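Below is one structure; the comments refer to it alone.
The values are calculated or read from the model by the stated rules, or taken from the named source; none is laboratory data. Keep in mind it's a predicted model, so treat the numbers as computed, not measured. Please note: Cβ atoms are built from the backbone with ideal geometry, for glycine as well, and neighbour counts cover all protein chains shown. For the accessible areas, the whole protein counts, side chains as well, though only heavy atoms, and no ligand, DNA or RNA atoms are used. Shrake-Rupley method; radii C 1.70, N 1.55, O 1.52, S 1.80 Å.
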Amino acid sequence: MDVNIQKALNDKLYDKRKTGALELEALIRDSLAANDHDRIQKIVFQLCHEYAYAVHQPHARNGGLIGLAAASIALGVEVARYLEQIVPPVLACFSDQDARVRYYACESMYNIAKVAKGEILVFFNQVFDALCKLAADSELSVKNGAELLDRLIKDIVSESAASYVSVLRISDEIDEHSDDGGHKEQSIEARTAFSLPDFIPLLQERINVLNPFTRTFLVSWINLLDSIPDLELVTYLPSFLGGLFKFLSDPNSDVHTATQTALDKFLSEIKKIARIKRGIAESRKSAGDDGIKHSASSGRSVQTMSSDGSIPQDRQRHEDSLDDESINSQSMTATDEKLGSAEDDWIPGQDVQVDHTKIMEILVTFLSESSGMCRPLLEKPLADLKLEEEIQLTTLRWIDSFFEICPEDMMPFVPRLLSHVLPTMSHDNEKVRQAANRVNTSLTDYILSLSDASPKSEAPSSATLQIPSAPANAAKEMTGENRRDSNISSKLPRASSRDPTAETRSADARLSIDTRTPTPAEERSPPPSQGADLDYQAAVNALTLQFLNEHEATRVAAIAWLIMLHRKAGGRILSIDDGTFPALLKTLSDPSEAVVTRDLLLLSQISKNSEDSYFTSFMVNLLQLFCTDRRLLETRGNLIIRQLCVTLSAERIYRTMADCLEKDEDVEFTSIMVQNLNNNLITAPQLADLRKRLRNLETRDGQTFFVTLFKSWCHNAVATFSLCLLAQAYEQAYHLLQIFAELEMTVTMLIQIDKLVQLLESPVFTYLRLQLLEPDKFPHLYKCLYGLLMLLPQSSAFAALKNRLNSVSAIGYLHIAPRPYVPSPIASFYHSRQKSSETVPHSTQPTSSTSSFERPNRLKAREEGGIRWVELLDKFKSVQEKARRSQRLASMGEDAIMTPVVEKEKPQPPEVPPKPFVQSSAAGSARPTPPPPLGHQKAKSSLSNLGRFTGGVTGRKSKK
């Protein structure tokens, strides 16, 4: 440069530097006209190293920047060969400490880019990085200059990024391939000046910034690059999608709005690409099917032509060959046209590859982070919570859309989605809650749409289930209560002895049943790919953890998922020995009734169609849970029993529980449990069929069921008595009352009798009250009810039962009297009743054969069925004696254990003669019996005078 130009560029005044720059521009123009590139090269070198790189001389740097801009303007299109020397020093000035230097650097780069146009894209990454830093500059003038430069670069990128190829690169490739001759054009098809793969790492690095201005700058560039069709920025979306989701939490509204708009555009673009690819695949498939059908029909027409025997053989062969060629050519042409229309017509987006798996990985990660952020609600300000809710809402919307976009890629994410979507269903925000419900619905439909056909060999080798060896300990760990343990686990060795091969066959049978069951979403199209199978165990573990969630909606949804998964793959999940089973039992203590109901449905579903040993194990664990958690038995015992009787066989439940309770050593718990089972047996509407079955003791099954319950019910005296009333075994009930006289009448027992009297007035015992009208057929029913009356103190229950008996006693006397007239004196009335009672069997014998409740027939059936009534009474005595001893030991404490207990002699309990059960030709009251003990005679005589006693009582009341 001339000396005066050098002096002007180094001046501190802007006007003088500008004058020097104009002189420099004219000098370079003259040199360019003279084709003096050496001088131009030297001038550019001098501007860079003596001015632009003069760090400690700000005026010289400013002069160098304006000089480089003037040189670029003078060079015009020839500036491309000098850009490698001009651009780096200008970029270096972007980071200068002096704000004026940074501003002049923006001005210089603006002029250089305006001249270079597409060639500046070679340095796009460096310019973008500098602009990214200047977007957050503290000086307003610098920010304004950077904004002007940013607009210019955006215009250049929009026009040239997809297609512009640098002149320097073309010349370099021509020089490198000058020896290849004919391959020159192929090598020139080269890279464009702007390279998106080279830019993505820089964007991935800068996307983590926190400054709102820089974030706005980045979002604007992402929107611009995505708007260029040929670049297909969506292909690289996983590289910066995480940063965009972080932008949603920015408190700056401009950043939030711009980011939300960009994410919506990307989601719409992904949906569009998926629809285009699906449509092309379907059109190609249909075109291929049409081509096959057309060629098949052509082949059939050729065969019909060749089958004509009227044409000469040689001529026939010639015509056949011609016809074959013409027809095949026509069919091929038609097929090619259809396929060509699908393949040759290029549709924007059909070649774009979107990595759905990586995007889903990012979405699930953000869903887990956002759900974890909302846990400490009290520690975060309201504004931050709203922003985090926005992240959750956007993430859920994306995930829900991906079930439509790429259902075949969703399978690996199902367990993780369950872990994070179900808690979000209980979110405080209504919009987030609705979005989570939509995702849960889509996820459920997706699982239901999967093919159920799976080979049996895929079932785990542990299909042969093993019963837990210590359910009592497991129940203790579940409830966390240290109570005395029941000996229910003593039944487990018997339950665990089984045939493994039979279990495997039953598991395979259940699996085959499940595979034959159609699902509601089987016919949806398109079905998801079966490349990957659902990790059922991981899904079950994720769902089990949701039992600890504090929100009811989440727990209900988790159990509903387990029910659905078990119906779909019952052979692979939720077995008795699974770790989920204790959690399901513990969930029975849940405060929500909806959770308990669904939990019972799932437990019933697991136990249904299983072997008796598995079912027994379930009942054992349930009883053990009741034993350790008495509060659960009090609050939810009736609900649990009734719900199980609805979903499972009620008789099977009662039989199994009776067998387990019969062998239990915990007398107190067994008595309480029998009382609960008995109350449900009497009052539950769900057990109406079971009550009818008990009243039918003529069948072998009914007798066996009654005996099974009786042996277990012996732990509770009142329950045993009510069971006999249900089964219409009134004579047995009467003998039980005689044993009651030897038992200690505790307050608990009197309360149970009081409740029983109240139940006798319920619709369940309507048949019993009607049978009071037929004392000749049911003589022991009166004795049973009068016996209850004698046991009760004079309370409201006593009055109710006495009124009931008084209302039918006169009808009974008239019915059995030998004359229609009865004398009024009480003594003669009692005498006639006593006399007539001796002739009742003979007078009723002709009519007894027509009644369904005929005593001789019922006793005969019981005899044939083999109910050993005396043994049942002995069983009742022994159980009650055992309970009495245990209560005595418990009251006396440890001292009673150390000292032997001396029992007082007591009168022998009344023995029930077996002969009345054998004799069937007469009524029970007239059968010859061996002489009973004296106590039995006294009891019988006192009960025979009950009518006179009650008459006297009523008489005294009337006198009062």
So Glu731 clears everything in (1) of a type in the set (Asp, Glu); (2) at pLDDT below 90; (3) part of a helix (DSSP H, G or I) except one condition, right? Which one? (2)
Restricted to the stretch 171-187 and to residues being part of a helix (DSSP H, G or I) and touching a helix residue (DSSP H, G or I) at 6+ places or on another chain (Cβ under 6 Å), the residue modelled with the highest pLDDT is Glu173
Restrict the check to the stretch 253-262 and report whether at least one residue is more than 27 Å from Val142 (Cβ to Cβ), open to solvent by 30 Å² or more (accessible area, probe 1.4 Å) and acidic (Asp, Glu). no
Which of (1) touching a residue at least 60 places away in the same chain (Cβ under 8 Å); (2) open to solvent by less than 10 Å² (accessible area, probe 1.4 Å) does Asn716 not meet, given it meets every other one? (1)
Selection from the stretch 228-246 of residues that are in contact (Cβ under 8 Å) with a residue 60 or more places away in the chain and assigned to a helix (DSSP H, G or I): Val234, Thr235, Leu237, Pro238, Leu241, Gly242, Phe245
Qualifying residue in the stretch 42-62 (condition: more than 28 Å from Asp129 (Cα to Cα), assigned by the TED database to the domain that holds Phe128 and not aliphatic (A, V, I, L, M)): yes
With criteria (1) farther than 26 Å from Thr704 by Cβ; (2) free of Cβ contacts under 8 Å to residues at least 24 places away in the same chain, Ser649 comes up short on (1)
Selection status of Arg636, under 19 Å from Met657 (Cα atoms), of a type in the set (Lys, Arg) and either modelled with pLDDT of 90 or more or touching a His at 6+ places or on another chain (Cβ under 9 Å) (or both): no
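Table: residues versus (1) under 22 Å from Val674 (Cβ atoms); (2) open to solvent by less than 10 Å² (accessible area, probe 1.4 Å); (3) not assigned by the TED database to the domain that holds Phe876.
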position: Leu723; (1), (2), (3): yes, yes, no
position: Glu761; (1), (2), (3): no, no, no
position: Leu785; (1), (2), (3): no, yes, no
position: Leu792; (1), (2), (3): yes, no, no
position: Ala799; (1), (2), (3): no, no, no
position: Asn806; (1), (2), (3): no, no, no
position: Ser809; (1), (2), (3): no, no, no
Could you give me the residue pairs with C-beta distances under 6 Å whose first residue belongs to the stretch 594-605 and is in a helix (DSSP H, G or I), whose second residue is among the basic types (Lys, Arg) and buried (at least 21 other Cβ atoms within 10 Å of the Cβ) wherever it lies, and which are 6+ apart or on separate chains? Val595/Arg555
Scan the stretch 198-223 residue by residue and report those that are open to solvent by less than 30 Å² (accessible area, probe 1.4 Å) and part of a helix (DSSP H, G or I). Phe199, Ile200, Leu202, Leu203, Thr214, Arg215, Phe217, Leu218, Val219, Trp221, Ile222
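Here's the yes/no breakdown for (1) of a type outside the set (A, V, I, L, M, F, W, C); (2) modelled with pLDDT under 90; (3) assigned to a loop (DSSP other than H, G, I, E, B):
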{"position": "Thr261", "(1), (2), (3)": "yes, no, no"}
{"position": "Asp264", "(1), (2), (3)": "yes, no, no"}
{"position": "Arg278", "(1), (2), (3)": "yes, yes, no"}
{"position": "Gly291", "(1), (2), (3)": "yes, yes, no"}
{"position": "Arg300", "(1), (2), (3)": "yes, yes, no"}
{"position": "Ser310", "(1), (2), (3)": "yes, yes, yes"}
{"position": "Glu325", "(1), (2), (3)": "yes, yes, no"}
State whether one or more residues within the stretch 694-710 are modelled with pLDDT of 90 or more, crowded, with 20+ Cβ neighbours inside 10 Å, closer than 21 Å to Leu760 by Cα and more than 40 Å from the chain's Cα centre (by Cα). yes
